[in-house]
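No value in this document is a laboratory result; all are computed from the given coordinates. Computed from a predicted model, the values in this text were never measured in an experiment. As a convention, Cβ positions derive from the backbone with ideal geometry for all residues, glycine included, and neighbour counts pool all protein chains shown.
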């Protein structure tokens, strides 16, 4: 029965939940827990977290195999999207390799930061209005959700602490591998004037043509909230520039 179960569940992909297994097996819950426990001890499956498992390929030693971290991330919370620094790296918009997998969600989850198979995961809860700009990608026979290029840049301007700071956003914009019209649309849709201000300042410095709305507020905010709270004022975008432009790699 255990081998038949593995064959059938594997047709759905390399990961599965307890609920999916229960529907497939048509056995009592207690019986299924026993089956899964035995499969795990034999090294045929590995538990990702409570009620979530991955199938270990034949010939792979117990504890020596793991799935792509994005596939594992896709199991941790629903709805979700791979985002921030993880998405920047996926698109080649940063040369930095983040040691954390970042996921966005609108759902509540008790644990928001944890480690699975030696990889750290961080779940960032956002408002429903900010949950958009998501596309599908195939990873190891599994479709995962990831923010598109433009939404990734906007998210990083919204929460620079999850992307390595404004320096990484500047690098992404300098790459120019994005659609300016979509970027403009997302900047308005995200509902944070700080995004428009940071985007406007960076586009001015990088000579990127984009028609952003005028900033009406008299209040100033920091260009990079992760950096020391000091700097010169930029009146146009109502920003405190707490990074040297040369540090951003914008000037020759």
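With a simple spin-label model that places each label point 7 Å from the Cα along the Cα-to-Cβ direction, the separation between residue 245 and residue 137 comes to 3.3 nm. Relative to the current alpha-carbon distance between residue 22 and residue 40, full extension at 0.36 nm per residue lengthens the span by 4.9 nm.
Each peptide in 76-82, 189-195 was scored by the mean count of other Cβ atoms within 10 Å over its residues; highest first, the order is 76-82, 189-195. Label-to-label distance for residue 235 and residue 4 is 8.0 nm, based on points extended 7 Å past Cα in the beta-carbon direction. Ordering of 230-242, 139-151 by packing is 139-151, 230-242, highest average first (other Cβ atoms within 10 Å, averaged per residue).
Determine the relative contact order of the chain: mean sequence separation of Cα pairs under 8 Å and six or more apart, normalised by residue count, in whole percent.
Numbers: 380 pairs, mean separation 31.5, N = 252.
It comes to 12 percent, rounded to a whole number.
Counting neighbouring beta carbons within 10 Å and listing from fewest to most, the residues 91, 53 come out as 91, 53. Calculated mean residue ellipticity, 222 nm, the chain: -10000 deg cm²/dmol, from DSSP H runs (n ≥ 4) at -39500 (n - 2.57) each, averaged per residue and rounded to 500. Taking the DSSP beta bridges with both ends in the chain, the antiparallel portion is around 70 percent.
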